[in-house]
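**Q** Before anything else, here's the structure in question.
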């Protein structure tokens, strides 16, 4: 297999790079002085792409690689891959579901706690020596608050299960109601936001879900409401989010993703009711390794004519 | 003094130092009680008490001012101490018992908040939430920077020290994350199937994280010592939402400095608000200024329960959250 050319779109954990290097001839796109030229130069031999949540294969790239057979993504989110184009051309797409469900759900709860109980702000307070001058303020209880989840897939369900342990009533919005859950369903995100205290975005990013959290939704969530995003930045209308927070129309936010990572609106930096994380939903040693094993395993399976481990297309 | 005469028909409650949000006790309950506010008097405390408090039967504690034998000696008519906290380490319970003074605390109203904080601190330490937030807000996140990875929760073995009301809520929450629970407590609790360790060192040796949820007493002072910390190990994390002095703080700091334990999430310290400065330089430590129970909702509940205990006393009814000896 060492003769098979795999186009790696971006740097990823060194374990993954090493494992790919051992098995394939890895072409590292980010080292090229001119990316489109690099792709042209190797278009006759590239048979696979290894990308991640932020770097996928769009229509242009797919068209430029006539020998492309498989796209293996180091992510569960595949919004950067033109799935339609792949289906059209018979290109397989694999992703990394399940192995990261817990980690992302854990982080969602961590973000809720960090915002409601001001964990980051109070840690700053102690480190700055302010505690010597006076007590930190009172914060807001998490136990028992109503949690609304947008998207009740694997990650949404895992978040619900955790929040239930904090005695939180759960409600959700999904494209279709899920018959086998006991959680309360709302047929629109607006109604969901009007009826919960903490709103969590946990759906996948598609054309339909872009800006699913808009100004109206944020106003409905309200000055005591908290918005958590562990999905994709474009789920939320970011400029509207900034003004809602700055103006106090929204009570707080915990964000792991942004519309133009790694850019984060600076107006948010000084807000103590906002927690900002650098897209670390899956950032544990164990999970990244499991994701890497799936990326490599899927490519190996494909090129050995074995069934793919986690195919999406 | 005119103040005292106007309200002399109301039952009197001594307040030596005000508890948090005392102004709310005043504004909401001054039609029920006459609060004797010792801290507002120019007289030294012992004089104030011998002049004004000889017949006082109840006292509202603030949770920080110690209720010891010296104070109790000055209150010959005292029958009840109400503390709005769950913690009782500021009260000499055996002295109260021998004087026939009942003690009532906040019962378990704060347990969920404290448990929430313990879980929040654990997630923060393992997933580096506060570190990351600092990092982003300092403008350090660029596409070139790499980020050190955290550690997963599922499968972690959690050792709970003290399976009382708070410990039980911590256990229930962490089970939902896929953690496994064991505990050490004064006595094994038959209604729980979690593995019980009678020895804290053994619990620590079999845990990836210790969560301290017990109260502070003579038995638990420096319960978490060097031996326990070393048994926890280089990847081990310690979370303390009990009282600072349950952990030998000097030893813990040493262990953190030397990398003998992996990290800590601390809401309480031996000499609050002083904190060992070595901790300020550490990214594997999350610091919280003793806010375990301090949410708006719980402060209100604690106030309500404190008032409930006072009302019950003055109506000769059973106290809702009397601390019983065990």
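**Q** With the requirement that a residue be more than 24 Å from the chain's Cα centre (by Cα), part of a loop (DSSP other than H, G, I, E, B) and free of Cβ contacts under 8 Å to residues at least 60 places away in the same chain, what does segment B:6-46 give you?
**A** B:7, B:8, B:9, B:10, B:30, B:31, B:41, B:42, B:43, B:44
**Q** Could you grab me the full set of residues in segment A:33-80 that are assigned to a helix (DSSP H, G or I) and crowded, with 17+ Cβ neighbours inside 10 Å?
**A** A:38, A:39, A:42, A:61, A:62 - these are the residues of segment A:33-80 that are assigned to a helix (DSSP H, G or I) and crowded, with 17+ Cβ neighbours inside 10 Å.
**Q** While we're here: Considering every residue within segment A:133-140, establish whether at least one is surrounded by fewer than 24 Cβ atoms within 10 Å (Cβ to Cβ), modelled with pLDDT under 95 and away from chain B (no Cβ under 14 Å).
**A** Within segment A:133-140, not a single residue is surrounded by fewer than 24 Cβ atoms within 10 Å (Cβ to Cβ), modelled with pLDDT under 95 and away from chain B (no Cβ under 14 Å).
**Q** While we're looking at this one, here's another question. So if I check each of B:306, B:293, which one is within 12 Å of chain A (Cβ to nearest Cβ), under 17 Å from residue B:20 (Cα atoms) and buried (at least 18 other Cβ atoms within 10 Å of the Cβ)?
**A** B:293
**Q** Right, next: Would it be correct to say that residue A:17 is touching a residue at least 60 places away in the same chain (Cβ under 8 Å) and either surrounded by 16 or more Cβ atoms within 10 Å (Cβ to Cβ) or under 28 Å from residue A:280 (Cβ atoms) (or both)?
**A** So residue A:17 fails the test.
**Q** Identify all residues within segment B:49-75 that are farther than 22 Å from residue B:95 by Cα and surrounded by 14 or more Cβ atoms within 10 Å (Cβ to Cβ); write none if there are none.
**A** Answer for segment B:49-75, where residues must be farther than 22 Å from residue B:95 by Cα and surrounded by 14 or more Cβ atoms within 10 Å (Cβ to Cβ): just B:52.
**Q** Have a look at A:257, A:226, A:296 and point out the one that is within 30 Å of residue A:18 (Cβ to Cβ) and either at pLDDT below 95 or within 14 Å of chain B (Cβ to nearest Cβ) (or both).
**A** A:257
**Q** Of the conditions (1) crowded, with 19+ Cβ neighbours inside 10 Å; (2) free of Cβ contacts under 8 Å to residues at least 60 places away in the same chain, residue A:282 satisfies every one except a single condition; which number is it?
**A** For residue A:282, the exception is condition (2).
**Q** Among the candidates A:272, A:266, single out the residue that is surrounded by fewer than 17 Cβ atoms within 10 Å (Cβ to Cβ) and in contact with a helix residue (DSSP H, G or I) (Cβ under 6 Å, 6 or more places away or on another chain).
**A** Criteria check complete, one pass: A:272.
**Q** Of all residues in segment A:144-165, which are within 11 Å of chain B (Cβ to nearest Cβ) and either part of a helix (DSSP H, G or I) or more than 14 Å from residue A:227 (Cα to Cα) (or both)?
**A** A:144, A:158, A:159, A:160, A:161, A:162, A:163, A:164, A:165
This table checks each residue for (1) free of Cβ contacts under 8 Å to residues at least 24 places away in the same chain; (2) over 13 Å from the mean Cα position of the chain (by Cα); (3) surrounded by 21 or more Cβ atoms within 10 Å (Cβ to Cβ); (4) within 14 Å of another protein chain (Cβ to nearest Cβ).
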position	(1), (2), (3), (4)
B:245	no, no, no, no
B:250	no, yes, no, no
B:253	no, yes, no, no
B:259	no, yes, no, no
B:271	no, yes, no, yes
B:274	yes, yes, no, yes
B:282	no, yes, no, yes
B:288	no, no, yes, yes
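**Q** What's the total number of residues in segment B:95-134 that are surrounded by fewer than 20 Cβ atoms within 10 Å (Cβ to Cβ) and either farther than 21 Å from residue B:162 by Cα or within 9 Å of chain A (Cβ to nearest Cβ) (or both)?
**A** 7
**Q** I'd like the residue in segment A:198-207 that is surrounded by fewer than 21 Cβ atoms within 10 Å (Cβ to Cβ) and touching a residue at least 24 places away in the same chain (Cβ under 8 Å) and, out of all such residues, is farthest from the other protein chains (Cβ to nearest Cβ).
**A** Looking at residues that are surrounded by fewer than 21 Cβ atoms within 10 Å (Cβ to Cβ) and touching a residue at least 24 places away in the same chain (Cβ under 8 Å), I get A:206.
**Q** Hey, another quick one. Determine if segment A:284-298 includes at least one residue that is touching a strand residue (DSSP E or B) at 6+ places or on another chain (Cβ under 9 Å) and more than 30 Å from residue B:235 (Cβ to Cβ).
**A** Yes, segment A:284-298 contains a residue that is touching a strand residue (DSSP E or B) at 6+ places or on another chain (Cβ under 9 Å) and more than 30 Å from residue B:235 (Cβ to Cβ).
**Q** Check A:83, A:68, A:107 and return the single one that is touching a residue at least 60 places away in the same chain (Cβ under 8 Å) and away from chain B (no Cβ under 14 Å).
**A** Exactly one of A:83, A:68, A:107 is touching a residue at least 60 places away in the same chain (Cβ under 8 Å) and away from chain B (no Cβ under 14 Å), namely A:83.
**Q** Restricting to segment B:292-326, and then to whatever is outside any helix (DSSP H, G or I) and touching a strand residue (DSSP E or B) at 6+ places or on another chain (Cβ under 9 Å), can you tell me which residue is farthest from residue B:81 (Cα to Cα)?
**A** Step by step, filter segment B:292-326, then rank; the result is B:295.
**Q** If you don't mind, there's one more thing I want to ask. Go through B:264, B:231 for me and flag whichever is without any contact (Cβ under 8 Å) to a residue 60 or more places away in the chain and outside any loop (DSSP other than H, G, I, E, B).
**A** Every option except B:231 fails the conditions.
**Q** With (1) buried (at least 23 other Cβ atoms within 10 Å of the Cβ); (2) within 28 Å of residue A:82 (Cα to Cα) as the list, and residue A:237 as the residue in question, which single condition is left unmet?
**A** (1)
The values are calculated or read from the model by the stated rules, or taken from the named source; none is laboratory data. Since we're looking at a predicted model, the values are computed, not measured. Note that we place each Cβ from the backbone using ideal geometry, even for glycine, and neighbour counts take in every protein chain shown.
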